[in-house]
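Please treat every number below as a calculation from the coordinates, not as lab data. Since this is a predicted model, take the numbers as computed values, not measurements. When we count neighbours, we look across all protein chains shown, and the Cβ atoms used for this are built from the backbone with ideal geometry, even at glycine.
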Amino acid sequence: MFNDIIGVVLILMVVHIAAYPLGNYISRVFKGEPVFTDFMRPFEEKIYHLCGIDSRHEMDWKGNTKALLRLNAIFFVWAFIILVTQGATGFLNPANIVSMDPFLAFNTAASFVTNTNLQHYSGETGLSYFSQIAVVVFLQFVSAASGIAVFALLLVGLVKRQSGLLGNFYYFFVRSATRVLLPLALLVSLLLLLAGTPNNYSEPVSYINLEGDTTVVAMGPSATITSIKQLGTNGGGFYGTNSAHPFENANYITNVIENISILLIPVALVFTFGFYINHRKLAVLVFSVMSMLFIFFVVGAVYFESQGNPLITKTGLMQPTGSMEGKETRFGPMLSAFWGVSTTSTSNGSVNSMHDSQTPLAGGIYMLDMMINAIYGGVGVGMLNFFLFILVSAFIGGLMVGRTPEFLGKKIEAKEIKIAVLVILLHPILILVGSAISSHLMTINPENGWLSNDSYHGFSQMLYEFTSASANNGSGFEGLADNNVFWNVTTGLMMLLGRYIPIIGPLAIAGSLASKNSVPSSEGTLDASGMAFGVILIGVIIVVTALSFFPALSLGPVAEFLSL
Amino acid sequence: MKPFIKDIKLHFVTLLIFGIVFPLIIWLFSLGEPTSAFGNPIYKNGKIAGFENLGQNFHSDGYFWGRPSAVNYNAAATGGSNKSVSDSFYNATIQERINDFLKRNPGVKKEEIPSDIITASGSGVDPHISVQAAIIQIKRVAKARHLPEMEVTKIVIENIAPPLLGMFGTSKVNVLKLNLSLDSKTKEI
């Protein structure tokens with residue numbers, strides 16, 4: 001028990017010690033202030049020059065949004081073409097993996113372009129090595145950079161006065177990739193290699209084991225993918241079992257490195273927020289609210305997992321560390337539960353245990369975490385989501401004290417609040433309507449073979465899948481048979497909607513805020529960094545998620561828990 | 001049309017940097033660690049007999065067994081059971097595994113069985129078992145190999161991997177390594 005807790009404390013400590021300076025660094029990168037990576041500048045200028053991009057050309061929110069959507073559409077088409085032709089071209093494909101069928105390729109391309117990394121294929125049998133690097137690794141970098149870039153655009157909008165211009169998307173996109181993601185990914189890949197993570201392009205190895213049976217082992221460039229998969233809140237692993245696989249997460253040390261990488265940039269961006277708008281107290285408040293909810297979820301998940309499976313307890317067996325189904329011995333229940341909360345908080349989606357087999361309420365906590373989708377959140381977009389909660393809280397707070405609502409000296413008017421509320425409502429609508437349709441289809445055709453579990457947990461499997469898709473998380477209750485037309489198409493569309501609408505909405509708000517003049521604060525102004533505001537913020541988050549999702553959660557995880 | 005061409009160019013430039021050059025750099029790094037970059041293979045008589053971190057499907061009485069695997073230790077298509085704790089079939093499976101284990105390990109009491117040896121791992125190729133799961137198999141292995149139990153116990157103790165730096169994680173046993181040292185010691189005798 002003690003040995004497990006000390007590991008969790010170590011991870012949290014490193015994340016928090018490193019995130020603060022990293023947040024400051026990212027803020028300086030956004031502002032173009034001198035940083036130690038300025039030796040990259042000629043290289044970046046070369047990129048702009050090659051592509052004919054004027055990185056100093058400021059655009060309004062519409063211009064920036066169009067740039068983002070155009071570029072992402074090209075990424076999508078590229079991914080789709082490579083996936084459906086990987087078998088025919090046979091390029092870097094020693095395991096002779098066949099081409100993907102179009103529905104699965106649609107889902108996979110949507111999944112990686114949107115930073116979701118929901119995987120309806122299994123890595124070792126579904127992708128050629130070329131697809132793994134030219135689609136997966138590539139998109140893991142650029143989708144993360146897209147997310148960080150839109151966050152930078154929002155920050156510009158908060159600081160600008162009376163202009164309506166939000167800076168240049170390409171500038172932030174390139175800098176996020178070359179100065180934040182690339183150096184960290186190089187470092188983490190190197191550390192993973194040193195700690196024993198395989199990395200090769202060999203064909204599958206066949207050998208005779210000690211019992212005399214022939215065994216085939218899938219090889220691959222695991223250390224290359226694993227770093228950016230964690231750092232960019234992507235989560236799509238090389239192997240089907242992700243970071244539970246010994247080749248993707250070899251030992252205690254790699255687990256610590258990977259778990260730190262999951263949390264690092266999302267936490268750092270909270271501080272970037274404070275540094276950039278020069279309002280550190282507000283960032284500390286946001287950070288405290290997020291961390292409070294995070295710790296609350298960690299304690300819950302760890303508690304339920306360490307209690308073990310109640311039905312195994314009844315058989316009289318020993319469960320010294322907790323529930324072991326779907327877990328690896330080298331990590332144990334506690335580090336698996338901590339990882340589970342880390343990966344669902346940050347919209348990462350990599351797993352080091354099978355979430356499907358976790359105890360009901362731990363699984364429920366992961367779902368709730370993805371339903372809020374803003375406790376740190378995905379790189380960049382997590383802060384965008386949280387910004388919407390801040391806006392609604394400022395609005396409600398303003399009305400409570402009887403003043404025109406304002407935030408950071410800008411008046412919040414009906415237009416901004418309408419957009420914010422519509423975007424917040426999108427998430428529950430997608431998840432609940434999706435789950436309702438799939439449940440209906442299950443009812444009229446129970447023999448469709450989707451679910452690997454009966455009863456309440458079967459419903460949870462579908463609810464989890466849609467939650468994960470809409471939150472752009474990418475983890476799953478993997479027992480769900482999801483590689484078929486229904487799931488590929490519905491979750492594919494949901495990932496696209498769940499990605500781009502929550503980006504376009506906040507950018508529109510940023511554009512609108514940027515064009516406003518600031519009003520001087522007076523005595524009646526609600527202090528956005530005060531305790532009172534923090535309380536309202538938590539209240540808004542709880543009310544929004546509780547009212548929308550608790551009925552669904554009661555039918556799934558809670559009912560399962562009560563039935564044991 | 002013009003911005004579109006810019007974006008296509010940017011696509012290919014970033015593809016070159018992150019999809020080709022980055023993997024190439026990591027590959028060059030990995031040449032410095034050829035053994036672990038290849039997954040730490042274990043050789044026996046010049047041939048690969050396994051990988052240090054991949055469990056194998058041990059089922060005979062003379063070998064220590066690993067954890068149950070949903071994919072039968074198929075390292076070309078790994079996976080977990082994805083069964084929930086409440087599933088009725090799952091609980092029947094657990095019961096069956098307990099009965100099997102008790103039958104093939106006479107003398108072991110039910111309360112001595114740790115849950116890891118009757119539950120499937122996440123990857124399906126978990127290389128480790130808990131120390132307790134190794135201890136309760138000593139009697140069976142010793143009998144099958146015609147070795148004194150003390151001898152087998154000694155080999156198990158030698159193969160216990162303690163927590164990292166004595167404080168991180170739990171003690172565990174790598175089943176493949178344990179069985180390899182068992183094989184080599186048996187020959188000596």
Legend entry - Degrees between helix A:222-231 axis and first principal axis of chain A (Cα, 0 to 90, nearest 10): 30 degrees
Legend entry - Relative contact order (percent, whole number), chain B, Cα cutoff 8 Å, 6+ residue spacing: 20 percent
Inset, instruction - Mind checking which lysines have their Cα closer than 23 Å to the Cα of A:Lys31? Skip sequence neighbours fewer than 8 apart in that chain. - result: A:Lys46, A:Lys62, A:Lys66, A:Lys160, A:Lys281, A:Lys410, A:Lys516
Legend entry - Within-15-Å neighbourhood charge of B:Ile42 [Cβ basis; K, R +1; D, E -1]: 0
Legend entry - Total formal charge among the other residues, if their Cβ is under 15 angstrom from that of A:Val205, Lys/Arg +1 and Asp/Glu -1: -2
Inset, instruction - Report the calculated FRET efficiency for A:Asn445 and A:Thr125 (r = Cβ-Cβ distance, R0 = 41 Å), to the nearest 0.05. - result: 0.90
Legend entry - Convex hull volume per residue in cubic angstrom - Cα atoms of chain A: 156 Å³
Legend entry - 10 Å Cβ neighbours from other chains, averaged over peptide A:73-79: 3
Inset, instruction - Could you work out the Kirkwood radius for region A:271-320, taking every pair of different alpha carbons, averaging 1/r and inverting it, reported in Å? - result: 13.6 Å
Legend entry - Extent along principal axes [Cα atoms of region A:453-564; Å; largest to smallest]: 59, 34, 17
Inset, instruction - About the Cα centre of the protein assembly as shown, how large is the charge dipole given +1 on each Lys and Arg Cβ and -1 on each Asp and Glu Cβ? Please answer in debye to the nearest 20. - result: 1480 debye
Inset, instruction - Give me the distance between the Cα centres of region A:53-113 and region A:274-306, rounded to whole Å. - result: 34 Å
Inset, instruction - Enter the angle in degrees (range 0 to 90, nearest 10) between the Cα long axis of helix A:138-159 and the first principal axis of the Cα atoms of chain A, meaning the one along which they spread out most. - result: 20 degrees
Legend entry - Förster-model FRET efficiency, 30 Å R0, A:Val489 and A:Asp454, C-beta, rounded to 0.05: 0.70
Legend entry - region A:64-172: chymotrypsin sites (Phe, Trp or Tyr not before Pro) in DSSP loop, at most 10 other beta carbons within 10 Å: none
Legend entry - Whole-angstrom Cα spans of region A:223-300 along principal axes, big to small: 43, 30, 20
Legend entry - Cα gyration tensor of region A:368-433 - equivalent ellipsoid semi-axes, whole Å, descending: 23, 14, 10
Inset, instruction - Excluding residues on the same chain fewer than 8 positions from A:Lys314, give the lysines whose Cα lies under 16 Å from its Cα. - result: B:Lys109, B:Lys110
Inset, instruction - Would you work out the relative contact order for chain A, in percent, from Cα pairs under 8 angstrom that are 6 or more residues apart? - result: 19 percent
Legend entry - D_trans [Stokes-Einstein, Kirkwood Rh over alpha-carbon pairs] for region A:16-115, 10 °C, 1.306 mPa s, µm² s⁻¹: 92 µm²/s
Legend entry - Degrees separating the helix A:41-51 axis from the principal Cα axis of chain A, which is the longest one: 90 degrees
Legend entry - Projected label distance in nm at A:Met292 and A:Leu69, using a 7 Å step from Cα toward the beta-carbon: 3.8 nm
Legend entry - At R0 = 41 Å, FRET efficiency that the Cβ-Cβ distance of A:Ser163 and A:Met531 yields, to 0.05: 0.75
Legend entry - More than 13 angstrom apart: percent of Cα pairs within region A:293-363: 60 percent
Inset, instruction - List the lysines whose Cα lies under 20 Å from the Cα of B:Lys47, skipping any in the same chain that are fewer than 8 positions away. - result: B:Lys177, B:Lys185, B:Lys187
Inset, instruction - Could you list the trypsin sites (Lys or Arg not before Pro) in region B:99-186 that lie in coil according to DSSP, counting only those with at most 16 other Cβ atoms within 10 Å of their Cβ? - result: B:Lys109
Inset, instruction - Calculate the radius of gyration of the Cα atoms of region B:33-188 to one decimal place, then report Dmax, the largest Cα-Cα distance, as a whole number, both in Å. - result: 16.1, 48
Inset, instruction - May I ask for the distance between the Cα centers of region A:413-471 and region A:240-261, given as a whole number of Å? - result: 30 Å
Inset, instruction - Go ahead and set up a Gaussian network model of chain B, Cα springs under 10 Å, then flag whichever of B:Asn45, B:Asn74, B:Asn99 fluctuates most. - result: B:Asn45
